[in-house]
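K.L.:
Here's a structure for you.
The values are calculated or read from the model by the stated rules, or taken from the named source; none is laboratory data. Nothing here was measured: the structure is a model prediction, and the numbers come from that model. Heads up, the Cβs are rebuilt from the backbone with ideal geometry, glycines too, and the neighbour counts pull from every protein chain shown. The area values use the complete protein model at the heavy-atom level, side chains included, leaving out ligands, DNA and RNA. Shrake-Rupley method; radii C 1.70, N 1.55, O 1.52, S 1.80 Å.
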Amino acid sequence: MAFQKAVKGTVLIGGGAIATVFGLSQFSQYRNKHGGTFVRVQAAEAVTVPKMIHFPTREEQILALQTTSEFDVLVIGGGATGCGCALDAVTRGLKTALLERDDFSSGTSSRSTKLIHGGVRYLQKAIMKLDFEQYKLVKEALEERANLLEIAPHLSAPLPIMLPVYKWWQMPYYWFGIKLYDIVAGSQCLKSSYVLSKSRALELFPMLRKDKLVGAIVYYDGQHNDARMNLAIALTAARYGAATANYAEVLRLLKTRDAASGKERVCGVRCRDVLTGQEFDVKAKCVINATGPFTDSVRKMDDQEVPNICQPSAGVHIVMPGYYSPDNMGLLDPATSDGRVIFFLPWEKMTIAGTTDSPTDVTSHPIPTEEDINFILNEVRNYLGVDVEVRRGDVLAAWSGIRPLVTDPSSKDTQSISRNHIVSISDSGLVTIAGGKWTTYRAMAQDTIDAAIQAHGLKAGSSKTVGLQLQGAEDWSPTLYIRLVQDYGLESEVAQHLASTYGDKAFEVAKIAQVTGKRWPIVGKRLVSEFPYIEAEVVYGVKEYARTAVDMISRRTRLAFLNVQAAEEALPRIVDIMGKELNWSEQKKKEELETAKNFLYYEMGYKVKSDQLTGSSEISLAPSDIERYKKRFRMFDKDKKGFITILDVQRVLESISVQIAEKTLHDILNEVDLNKNGQVELNEFLQLMSAIQKGHVSGSRLAVLMKTAEENLRQRVVIPVDRSGGGL
């Protein structure tokens, strides 16, 4: 009886909600169709601005910034929104410039959950609180989701996401909520959501916790390569004629007094080429502040007394081996232990989990904390089966991103804040775009340029970016990678990666790929063995405005976001190739290597990895285990010195006819050598084995090598020295 009442009540409430949302959705579509600002036509067809075959070099872009007497629009900020503003402006025929003090997508835009979504939880708030503003946010985001999947199909794709249900009464509740999501999407719904039985849910997501599982609901959102998407927007703007430059820092705003009103007006900026130190002025009729978390710092360049409009929120993500999730099925935890939402998604053949949501200070170098990493791991454990051991050591990378949420300065609760955006214009004419989310970058840019045109009397038509294909999309097809394999002799995995990263520009990368000297693959030398990134991408990345090793490992390739140890291993070769392309001195190469290692250590989770195994780590081993590991250690330490060196390891390997390069052995020992004295003491080895048993460390090559060598003294088989799925 109680069940019938609950279901009946849910049906009545859900039915009313569906009717309400359906009515709002139909009204919104009618409004958009009949004179609304977001006209669903292929606006891109109306673009009259010619597009260059190739984008200019960075040096040419800097020259254009220095020699152009005045731009119509100058955008500060090279994230998704800033680049979106530049693309929107330039395709309307406005003379456009963009300045970014770091690299394109170096901040928030490269550190997202990698989803293109409307926001299921925002729709829940819209219905529960009858909040029309939240509804409009979801509706707009779902429209933009459809557009983004269309204009960059090589960088994005629909992704099914499973919502497991563990209480019977939650099934109708969640079902109605997800169906509302489909209805709001309307004709832009990617695929219809559906319900799964317990057995079917476990078949599709075998890692799922089985006990008390009732069933699951699957819905669809989009997923993308965020940093590459941001870069594609920037490169597309450059090809249409926008003077875009990374590593160009704005030092101050330039102002002039208006003769008619007597008021000061922003008329440009003083900027500095970070790479050369040269300073110069860039004049513009309109300056746009699109700096994300740094919005208020630019606003204060205009007016020191202006109140803050942004409250930053930190979101931490972790990456784990691909075996933690199916290849093509994500998972949503709708209610974590503290009320937040956690996504658990396949991405680039790995598994990404996040995010947290907590107040933070604004910084250019956010750092993931051990507390946030463990929070995510604990939530993951709640949803995976008991036979899947979720180990701290399997965290391959971790990062923190800062969301620029729009809020009242007195508000402290970031979780209750919507991702709505605002466009404001100061008394001196500075246009600021703040808030919003990745998915709605195009709509945000359109609103910003519309406001700029009106406020500054610029002569331009309506936005042309709906349906405007981004760099690499024009001649891309799902089977493009086959031509790369057939025409150039690339590995299939490498070809698929190039096609999904560069789209139709993948052929330009393939053309400069080096011959391997092997029967197969014919071309394409990998930077590291377990990832499909090849050396030619470093050369091509320099053409794409990469100017530091960090640019290459984090945003041109995504190695730093996938596996920090692999990124560190690739760094020397990356620096060598970039050094040749950019004429770096030996000193410059050393500096780049050190800077990139610091980036991995602090910003990508390497520090929290090293903290798992330190000189003060507790040894928690049973006496029998200690004796077993001591015996294994003494097999290498024949002289009973109390430590082992490369020579000791080489001697054992030679006795079983195994050869490993000295550099590789050095790297293997260095992973465990806590005090960096070139040798591994017995205590360090026992700390390693204890950390492995506790799950804090996994995939240690030294541990695998020593165990296998012990067995090989009898069996004589090859010792594997490649990294396993283990990580931080």
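K.L.:
So which residues in the range 567-608 are of a type in the set (G, A, S) and either assigned by the TED database to the domain that holds K349 or in contact with a Leu (Cβ under 6 Å, 6 or more places away or on another chain) (or both)?
P.N.:
Applying the first criterion (of a type in the set (G, A, S)) to the range 567-608 yields 567, 570, 579, 585, 596, 605.
Matches in the range 567-608: A567, A570, A596, G605.
K.L.:
Kindly provide the set of residues from the range 510-523 that are open to solvent by less than 20 Å² (accessible area, probe 1.4 Å) and either among the basic types (K, R) or touching an Asp or Glu at 6+ places or on another chain (Cβ under 6 Å) (or both), ordered by number.
P.N.:
The one that is open to solvent by less than 20 Å² (accessible area, probe 1.4 Å) and either among the basic types (K, R) or touching an Asp or Glu at 6+ places or on another chain (Cβ under 6 Å) (or both): P521.
K.L.:
Checking A434 against (1) under 21 Å from L115 (Cα atoms); (2) assigned to a loop (DSSP other than H, G, I, E, B): exactly one of these is not met. Which one?
P.N.:
All conditions are met except number (2).
K.L.:
Here's a follow-up. For the structure I just gave you, tell me whether S187 is hydroxyl-bearing (S, T, Y), over 22 Å from the mean Cα position of the chain (by Cα) and modelled with pLDDT under 95.
P.N.:
Judged against the criteria, S187 is a match.
K.L.:
So Y166 fits all but one of (1) more than 27 Å from R209 (Cα to Cα); (2) of a type outside the set (D, E); (3) in the same structural domain as D333 (by the TED database); what number is the exception?
P.N.:
(1)
K.L.:
For the range 235-277, how many residues meet the condition of being closer than 20 Å to D551 by Cβ and without any contact (Cβ under 8 Å) to a residue 12 or more places away in the chain?
P.N.:
The total comes to 2.
K.L.:
Consider P153 carefully, then state whether it is in a loop (DSSP other than H, G, I, E, B) and under 30 Å from Q471 (Cα atoms).
P.N.:
yes
K.L.:
Please name all residue pairs, on different chains or six or more residues apart, with Cβ atoms under 8 Å, provided the first residue is in the range 662-673 and is touching a residue at least 24 places away in the same chain (Cβ under 8 Å) and acidic (D, E) and the second residue is open to solvent by 60 Å² or more (accessible area, probe 1.4 Å) and assigned to a helix (DSSP H, G or I).
P.N.:
Note: pairs meeting the criteria are D667/E569.
K.L.:
If S500 passes every condition in (1) over 25 Å from H117 (Cβ atoms); (2) in contact with a His (Cβ under 7 Å, 6 or more places away or on another chain) but one, which one does it miss?
P.N.:
S500 satisfies every listed condition except (1).
K.L.:
Report, by residue number, each residue of the range 550-586 that is of a type in the set (S, T, Y) and either open to solvent by 30 Å² or more (accessible area, probe 1.4 Å) or within 15 Å of Y602 (Cα to Cα) (or both).
P.N.:
S554, S585
K.L.:
Testing D102 on (1) within 29 Å of K464 (Cβ to Cβ); (2) surrounded by 22 or more Cβ atoms within 10 Å (Cβ to Cβ); (3) in contact with a strand residue (DSSP E or B) (Cβ under 9 Å, 6 or more places away or on another chain), one condition comes back false. Which one is that?
P.N.:
Every condition holds for D102 apart from (2).
K.L.:
Of the residues A227, A216, which is at pLDDT 95 or above and under 20 Å from G84 (Cα atoms)?
P.N.:
A227
K.L.:
Further, regarding this structure: Under 8 Å between Cβ atoms, which residue pairs at least 6 apart in sequence (or on different chains) link something in the range 364-386 that is among the β-branched types (V, I, T) with a partner that is open to solvent by 80 Å² or more (accessible area, probe 1.4 Å) and assigned to a helix (DSSP H, G or I)?
P.N.:
Sorted first by the residue in the range 364-386, then by its partner, the pairs are I367/Y602.
K.L.:
Test each condition in (1) open to solvent by 10 Å² or more (accessible area, probe 1.4 Å); (2) touching a Ser or Thr at 6+ places or on another chain (Cβ under 9 Å) for E537 and report the one that comes out false.
P.N.:
Unmet condition: (1).
K.L.:
Let me ask something else about it. Across the range 337-362, what is the total count of residues that are part of a strand (DSSP E or B), open to solvent by less than 10 Å² (accessible area, probe 1.4 Å) and of a type in the set (S, T, N, Q)?
P.N.:
1
K.L.:
With the requirement that a residue be in a loop (DSSP other than H, G, I, E, B) and buried (at least 16 other Cβ atoms within 10 Å of the Cβ), what does the range 165-220 give you?
P.N.:
C189, L190, S193, F205, M207, R209, L213
K.L.:
Another question about this same structure. State the number of residues belonging to the range 477-500 that are in a loop (DSSP other than H, G, I, E, B), within 23 Å of L559 (Cβ to Cβ) and either at pLDDT below 95 or out of contact with any strand residue (DSSP E or B) (no Cβ under 7 Å at 6 or more places or on another chain) (or both).
P.N.:
Here the count works out to 1.
K.L.:
Can you name the strands (runs of 3 or more DSSP E) wholly within the range 264-327 that have at least 1 residues being basic (K, R), surrounded by fewer than 20 Cβ atoms within 10 Å (Cβ to Cβ) and in contact with a strand residue (DSSP E or B) (Cβ under 9 Å, 6 or more places away or on another chain)?
P.N.:
Strands (runs of 3 or more DSSP E) meeting the threshold: 264-273, 279-289.
K.L.:
Filter the range 57-98 for residues that are surrounded by fewer than 24 Cβ atoms within 10 Å (Cβ to Cβ), closer than 24 Å to R558 by Cα and not charged (D, E, K, R) and give the result.
P.N.:
T57
Results for (1) among the aromatic types (F, W, Y); (2) in a loop (DSSP other than H, G, I, E, B); (3) surrounded by 17 or more Cβ atoms within 10 Å (Cβ to Cβ), shown as yes or no for each residue.
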| position | (1), (2), (3) |
| --- | --- |
| D639 | no, yes, no |
| Q650 | no, no, no |
| V658 | no, yes, yes |
| K663 | no, no, no |
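K.L.:
Answer with yes or no whether T113 is of a type in the set (S, T, Y) and touching a helix residue (DSSP H, G or I) at 6+ places or on another chain (Cβ under 7 Å).
P.N.:
The answer is no for T113.
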